[in-house]
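What follows is a short report on a single structure.
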Amino acid sequence: MMSSAEIRKKFLEFFESKGHTIVPSAPIVVKNDPTLLFTNAGMNQFKDYFLGNQKPQHVRVADTQKCLRVSGKHNDLEEVGVDTYHHTMFEMLGNWSFGDYFKKEAIAWAWELVTGIYKIDKERLYVTVFEGDTSEKLPRDNEAIKEWKEWIDEDRIIMGNKKNTFWEMGDTGPCGPCTEIHIDCRTDEERKKTDGKSLVNADHPQVIELWNVVFIQFNRLKDGTLEPLPAKHVDTGMGFERLVRVLQGKQSNYDTDVFTGTISEVEKITGRKYDYSDSKEAIAFRVIADHIRAIAFTISDGQLPSNTGAGYVIRRILRRAVRYYYSYLDYKQPLLYQLTLLLAHQFENVFPELKIQSGFISKVIKEEEDAFLKTLDKGLLRFEMFMSLEGLKMFQEGKKEAFILPGKIAFELNDTYGFPIDLTRLIAKEKGLTVDEAGFEIELQQQKQRSRAATVIDTEDWVEIHKNGSTKFIGYTDLETKTRVARYRKIKSKGKESFQLVLETTPFYAESGGQVGDTGTLQFGNEVIDVQDTKKENELIIHFTQKIPALIDEDVWAKVDSVKRKNIAIHHSATHLLHAALRKVLGNHVAQKGSLVNDEHLRFDFSHFAKVGEEEMEKIEQLVNEKIRENIPVIIKEMPKDEAIRMGAMALFGEKYGDRVRVVIIDPKYSIELCGGTHVGATGEIGFFKIKHETAVAAGVRRIEAVAGKISEDFVQEQFSSIRSIREYLKNPADILKSVENIATENNELKKKIESLEAKQLNGLKNELLQKGSAVHDISFIGDQVEVNSADALKKLGFDLRTDLKKYVIVLTADISGKAAIVIMIDDQTAAAKNLDASKIIKEHIAPLIKGGGGGQKTLATAGGQDTGKLREAIEKVKSLLE
């Protein structure tokens with residue numbers, strides 16, 4: 001039986017023998033493509049070749065691509081772990097032809113590899129071809145049918161509909177008909193009972209798609225129409241995990257050596273046994289084995305878990321895994337981080353980035369697990385609070401709702417505590433409750449609508465002015481040029497219109513590698529248009545403007561803001577000096593995790609597991625300024641990537657580099673980095689470097705913010721001006737630091753005295769109010785306007801009063817520096833018996849009265865407002881509600 005490593009190797013060797021260049025996997029996290037968060041198919045990195053925006057370096061390539069499908073059109077998350085063949089992160093084995101061979105060769109080679117190299121039984125294979133689609137005026141793929149008849153019996157060729165045999169990456173982009181190879185993995189007895197042909201594309205767990213061969217012929221536009229591409233291409237994708245399952249004779253992907261090592265490690269950690277069943281416990285093993293790969297690979301490619309975008313998707317996957325081991329393996333401490341080293345060793349020969357960063361990945365995952373495990377506890381506590389308070393009350397009153405967890409509570413558990421609805425459903429079932437899932441969905445949809453309303457962007461299709469496949473960038477040497485507009489499109493967002501222009505030649509640098517995009521002007525005759533930003537999308541350099549010119553098809557003079565560009569270059573070169581200094585002072589474990597370079601400052605995120613000390617910060621700063629004073633030439637070369645790596649150039653994880661790279665050298669013994677940004681000619685142009693802040697960003701990631709050039713001089717001058725002002729204010733003491741320390745000590749002593757006096761004052765007020773209090777029915781009512789210095793003091797007085805009362809309604813008001821402040825407190829029993837809600841009283845009766853706002857809980861609420869003349873009336877209003 002072949003190992004998974006051998007299976008992968010045979011695929012690549014086969015296509016290498018057919019004249020294909022083997023290329024590395026692109027990062028799993030997509031950059032410069034707003035249509036994708038993650039690489040979800042092998043063809044993503046070649047998208048510009050299909051669109052004609054970029055010329056391929058090789059017309060035949062093959063690789064194994066890291067993919068993630070958990071968002072957007074291709075979303076398999078809910079099936080992961082439940083069935084035996086869906087995954088979040090997976091490898092896609094693929095071969096491509098960029099305008100070279102087409103259907104004949106692609107089909108012949110697919111059949112040769114599957115049946116000749118891998119020796120898969122032909123009697124278990126079926127193929128599908130596109131049957132055509134009249135609504136889109138697409139004909140049946142007779143060419144593919146003709147080629148398949150050369151290799152397989154005609155009764156094993158199945159007509160497929162548009163859903164299954166017309167491949168599209170998303171709502172827009174390259175697409176075309178495809179042909180799939182399916183395999184029937186059932187037993188001989190099962191195959192005799194039911195013809196496998198009837199089970200193809202019917203979601204049968206043992207009759208599965210093995211390989212999809214796509215013939216890229218069209219580009220789907222935003223309006224839904226299809227336009228022919230400049231050339232025809234082949235794009236194939238074979239799920240590596242499924243292929244290994246077939247060749248190792250397993251009934252589940254999780255029973256192959258791709259996953260068994262991880263599952264065994266989970267058994268050791270948890271003390272549980274994986275039983276190969278469909279039980280929740282077995283599903284938990286599969287979920288963990290799958291999810292740890294998605295989490296680790298995305299972090300290694302530079303995407304940290306967060307609350308937005310791609311980062312939130314990773315956090316959601318991680319929390320799903322935590323929920324499974326917490327609920328079904330009864331493991332209450334971080335588990336996933338313990339698997340990272342095992343995973344790193346498994347993939348070290350194909351994806352070495354995991355091993356190189358294993359310590360960092362492990363720390364990030366552990367911190368995320370720790371945080372969510374705490375959230376789980378808090379969420380469970382919130383659930384118990386509902387059961388003991390609100391639920392119990394309804395149960396005592398005989399209401400049917402006592403047995404239903406309200407949709408708002410389920411949404412709160414999801415939104416505030418990160419509980420998936422299925423976890424909430426499970427806990428509810430254990431407590432004898434059901435969940436108001438309709439109510440939950442309403443809350444969820446309302447949140448999504450609010451989010452969509454805030455971010456709706458309508459992007460129209462490109463309008464072509466002068467046909468040009470790509471933009472020539474000349475901005476490294478020239479900051480202005482005569483050119484033409486190749487294409488433009490209109491953007492609508494929040495009721496406003498803007499435009500994006502692509503030039504045939506441009507000096508404008510597009511945002512990339514942390515460096516912001518250039519700004520400047522485009523002059524069409526006498527009309528001048530401001531370029532507000534420049535970005536890159538699918539290798540197109542896009543210029544952002546608020547309008548388009550009247551003479552858009554005429555020549556244009558493109559001019560970059562040279563002053564701003566110079567300051568950007570200063571900060572970018574300073575970033576390289578900083579990176580090298582960090583590695584020399586802190587250690588070689590330091591790696592860049594993100595950066596921002598603009599004309600005003602630089603921000604640099606890096607892997608390090610502790611706060612950078614003051615002494616270390618001084619050394620880093622001194623080293624950078626030393627290199628600036630040396631006025632080292634900044635040498636920039638283009639060379640083959642392998643040569644650059646051999647000479648010690650630092651490459652960033654998660655970045656996709658071509659065969660030829662741009663190398664920035666600032667003393668070969670100090671700093672060599674792969675970088676596409678703009679730089680100064682020599683370090684002396686930077687002038688001066690100053691660190692402003694050092695903070696934590698995430699687990700194992702620190703951030704330094706710094707300034708360089710004239711900006712740093714201004715910053716230092718500003719600091720000295722502040723010190724000078726403080727010195728003058730303190731009457732020019734000999735030791736300014738000692739004087740400040742004395743003032744701070746004196747201030748603390750005065751605060752303590754004031755707090756002591758306030759405590760005595762509040763105690764006196766408390767006794768006075770207790771004596772003045774009255775009884776309304778059998779409830780103690782205390783309502784008065786008092787003299788205190790803060791809202792906190794007013795609240796504390798209320799808390800002090802509560803300790804001497806059982807059934808009470810307390811209303812305290814105060815005029816604090818001309819602003820109205822009010823506190824209402826009600827004990828639980830009175831609130832229930834009299835149907836009183838302090839928060840509701842504040843919002844409906846008190847806040848409008850004093851021209852302000854407020855809120856709180858049922859038994860404690862506060863308000864603030866502008867009208868202090870209504871404070872007495874507010875007290876009487878609450879008393880009337882009690883009466």
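The values are calculated or read from the model by the stated rules, or taken from the named source; none is laboratory data. Since this is a predicted model, take the numbers as computed values, not measurements. Virtual Cβ from ideal backbone geometry, glycine too; neighbours counted across all protein chains shown. Quick note on the areas: whole protein, heavy atoms, side chains included, nothing else; ligands and nucleic acids left out. Shrake-Rupley method; radii C 1.70, N 1.55, O 1.52, S 1.80 Å.
How many residues does region 201-216 contain that are open to solvent by 40 Å² or more (accessible area, probe 1.4 Å) and free of Cβ contacts under 8 Å to residues at least 60 places away in the same chain?
Residues flagged as open to solvent by 40 Å² or more (accessible area, probe 1.4 Å) and free of Cβ contacts under 8 Å to residues at least 60 places away in the same chain within region 201-216 amount to 4.
Looking at (1) within 14 Å of residue 570 (Cα to Cα); (2) over 32 Å from the mean Cα position of the chain (by Cα); (3) not aliphatic (A, V, I, L, M), which one does residue 690 not meet, given that it meets all the others?
Among (1) within 14 Å of residue 570 (Cα to Cα); (2) over 32 Å from the mean Cα position of the chain (by Cα); (3) not aliphatic (A, V, I, L, M), residue 690 violates only (2).
Only one of (1) touching a residue at least 60 places away in the same chain (Cβ under 8 Å); (2) touching a Leu at 6+ places or on another chain (Cβ under 8 Å); (3) outside any helix (DSSP H, G or I) fails for residue 663. Which number is that?
Only one criterion in (1) touching a residue at least 60 places away in the same chain (Cβ under 8 Å); (2) touching a Leu at 6+ places or on another chain (Cβ under 8 Å); (3) outside any helix (DSSP H, G or I) is unmet by residue 663, namely (1).
Any residue at all in region 809-824 that is without any contact (Cβ under 8 Å) to a residue 40 or more places away in the chain, more than 15 Å from residue 868 (Cβ to Cβ) and of a type in the set (Ser, Thr, Tyr)?
no
Against the definition (touching a strand residue (DSSP E or B) at 6+ places or on another chain (Cβ under 6 Å), within 30 Å of residue 572 (Cβ to Cβ) and not charged (D, E, K, R)), how does residue 722 come out, yes or no?
no
Which one of these is assigned to a loop (DSSP other than H, G, I, E, B) and on the phi < 0 side of the Ramachandran plot: 126, 101?
Step by step, each of 126, 101 is checked, and only 101 is assigned to a loop (DSSP other than H, G, I, E, B) and on the phi < 0 side of the Ramachandran plot.
Pick from 411, 383: which is at pLDDT below 90, surrounded by 20 or more Cβ atoms within 10 Å (Cβ to Cβ) and in contact with an Asp or Glu (Cβ under 9 Å, 6 or more places away or on another chain)?
Sole residue among the options that is at pLDDT below 90, surrounded by 20 or more Cβ atoms within 10 Å (Cβ to Cβ) and in contact with an Asp or Glu (Cβ under 9 Å, 6 or more places away or on another chain): 411.
Return yes when residue 857 is within 20 Å of residue 876 (Cβ to Cβ), open to solvent by 40 Å² or more (accessible area, probe 1.4 Å) and at pLDDT 85 or above and no when it is not. First the steps, then the outcome.
Working: within 20 Å of residue 876 (Cβ to Cβ): no; open to solvent by 40 Å² or more (accessible area, probe 1.4 Å): yes; at pLDDT 85 or above: yes.
Against the criterion (within 20 Å of residue 876 (Cβ to Cβ), open to solvent by 40 Å² or more (accessible area, probe 1.4 Å) and at pLDDT 85 or above), residue 857 does not qualify.
Just for region 37-58: of the residues that are closer than 14 Å to residue 659 by Cβ and touching an Asp or Glu at 6+ places or on another chain (Cβ under 7 Å), which one is most open to solvent (accessible area, probe 1.4 Å)?
Result: 57.
Yes or no, residue by residue, for (1) surrounded by fewer than 23 Cβ atoms within 10 Å (Cβ to Cβ); (2) within 21 Å of residue 42 (Cα to Cα); (3) modelled with pLDDT of 90 or more:
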site: 71; (1), (2), (3): yes, yes, no
site: 86; (1), (2), (3): yes, yes, no
site: 91; (1), (2), (3): no, yes, yes
site: 108; (1), (2), (3): yes, yes, yes
site: 123; (1), (2), (3): yes, no, yes
site: 128; (1), (2), (3): no, yes, yes
site: 162; (1), (2), (3): yes, yes, yes
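If I ask for residues that are closer than 22 Å to residue 309 by Cβ and either over 30 Å from the mean Cα position of the chain (by Cα) or open to solvent by less than 10 Å² (accessible area, probe 1.4 Å) (or both), which ones from region 10-36 would you list?
Within region 10-36, 26, 28 qualify.
Regarding region 845-852, can at least one residue be identified that is open to solvent by 70 Å² or more (accessible area, probe 1.4 Å), of a type outside the set (Asp, Glu) and assigned to a loop (DSSP other than H, G, I, E, B)?
Checked against the condition, which is being open to solvent by 70 Å² or more (accessible area, probe 1.4 Å), of a type outside the set (Asp, Glu) and assigned to a loop (DSSP other than H, G, I, E, B), region 845-852 yields at least one hit.
If a residue has to be basic (Lys, Arg) and within 14 Å of residue 573 (Cα to Cα) to count, how many in region 591-644 make the cut?
Total meeting the criteria: 3.
For a quick check of your reading of the model, give me the residue pairs whose first member lies in region 791-803 and is within 10 Å of residue 766 (Cβ to Cβ), whose second is open to solvent by 70 Å² or more (accessible area, probe 1.4 Å) and part of a helix (DSSP H, G or I), with beta-carbon atoms closer than 8 Å and at least 6 apart or on different chains.
Pairs that qualify, where the first residue is within 10 Å of residue 766 (Cβ to Cβ) and the partner is open to solvent by 70 Å² or more (accessible area, probe 1.4 Å) and part of a helix (DSSP H, G or I), are 800/763.
Quick check on my filter: what residues within region 110-120 are open to solvent by less than 20 Å² (accessible area, probe 1.4 Å) and farther than 17 Å from residue 60 by Cα?
Within region 110-120, 111, 114, 118, 120 qualify.
Among all residue pairs at least 6 apart or on different chains, which show Cβ distances below 7 Å where the first residue, located in region 765-784, is over 18 Å from residue 799 (Cβ atoms) and the second is among the aliphatic types (A, V, I, L, M)?
776/882; 779/809; 779/882
Condition test on residue 243, is it over 18 Å from residue 66 (Cα atoms) and crowded, with 18+ Cβ neighbours inside 10 Å? Don't jump to the end; show me each part of the working.
Working: over 18 Å from residue 66 (Cα atoms): no; crowded, with 18+ Cβ neighbours inside 10 Å: yes.
Criteria not met by residue 243.
Quick check on region 552-583: of everything there that is among the hydrophobic types (A, V, I, L, M, F, W, C) and under 29 Å from residue 48 (Cα atoms), which residue is most open to solvent (accessible area, probe 1.4 Å)?
557
Among the residues of region 287-319, which ones are basic (Lys, Arg) and open to solvent by less than 10 Å² (accessible area, probe 1.4 Å)?
Result: 293, single match.
What's the total number of residues in region 719-746 that are of a type in the set (Lys, Arg) and surrounded by 11 or more Cβ atoms within 10 Å (Cβ to Cβ)?
Result for region 719-746: 2.
Is it true that residue 158 is touching a Lys or Arg at 6+ places or on another chain (Cβ under 9 Å) and among the aliphatic types (A, V, I, L, M)?
yes
Here are some residues: 676, 684, 700. Which one is modelled with pLDDT under 95, closer than 30 Å to residue 637 by Cβ and either under 48 Å from the mean Cα position of the chain (by Cα) or buried (at least 17 other Cβ atoms within 10 Å of the Cβ) (or both)?
Step by step, each of 676, 684, 700 is checked, and only 676 is modelled with pLDDT under 95, closer than 30 Å to residue 637 by Cβ and either under 48 Å from the mean Cα position of the chain (by Cα) or buried (at least 17 other Cβ atoms within 10 Å of the Cβ) (or both).
So which residues in region 139-160 are touching a Gly at 6+ places or on another chain (Cβ under 8 Å), closer than 22 Å to residue 108 by Cα and open to solvent by 20 Å² or more (accessible area, probe 1.4 Å), if there are any at all?
Answer for region 139-160, where residues must be touching a Gly at 6+ places or on another chain (Cβ under 8 Å), closer than 22 Å to residue 108 by Cα and open to solvent by 20 Å² or more (accessible area, probe 1.4 Å): just 140.
So which of 220, 272 is of a type in the set (Lys, Arg) and over 31 Å from the mean Cα position of the chain (by Cα)?
Selected residue: 272, the only one of 220, 272 that is of a type in the set (Lys, Arg) and over 31 Å from the mean Cα position of the chain (by Cα).
Enumerate the strands (runs of 3 or more DSSP E) found wholly within region 142-248, keeping only those where 2 or more residues are under 30 Å from residue 463 (Cα atoms).
Qualifying strands (runs of 3 or more DSSP E): 166-168, 173-184, 207-220, 226-239.
Condition first: among the hydrophobic types (A, V, I, L, M, F, W, C) and surrounded by fewer than 22 Cβ atoms within 10 Å (Cβ to Cβ). Now tell me which residues in region 687-697 satisfy that. Outline the logic, then answer.
Here is the first cut: in region 687-697, the ones among the hydrophobic types (A, V, I, L, M, F, W, C) are 688-689, 691, 696-697.
Within region 687-697, 688, 691, 696, 697 meet the criteria.
Please work out if residue 754 is of a type in the set (A, V, I, L, M), surrounded by 13 or more Cβ atoms within 10 Å (Cβ to Cβ), farther than 30 Å from residue 564 by Cβ and modelled with pLDDT under 90.
Values: of a type in the set (A, V, I, L, M): yes; surrounded by 13 or more Cβ atoms within 10 Å (Cβ to Cβ): no; farther than 30 Å from residue 564 by Cβ: yes; modelled with pLDDT under 90: yes.
No: the conditions fail for residue 754.
When residue 743 is evaluated against the numbered criteria (1) within 23 Å of residue 816 (Cβ to Cβ); (2) not in a strand (DSSP E or B), which criterion, by number, is the only one it fails?
It fails just one condition, (1).
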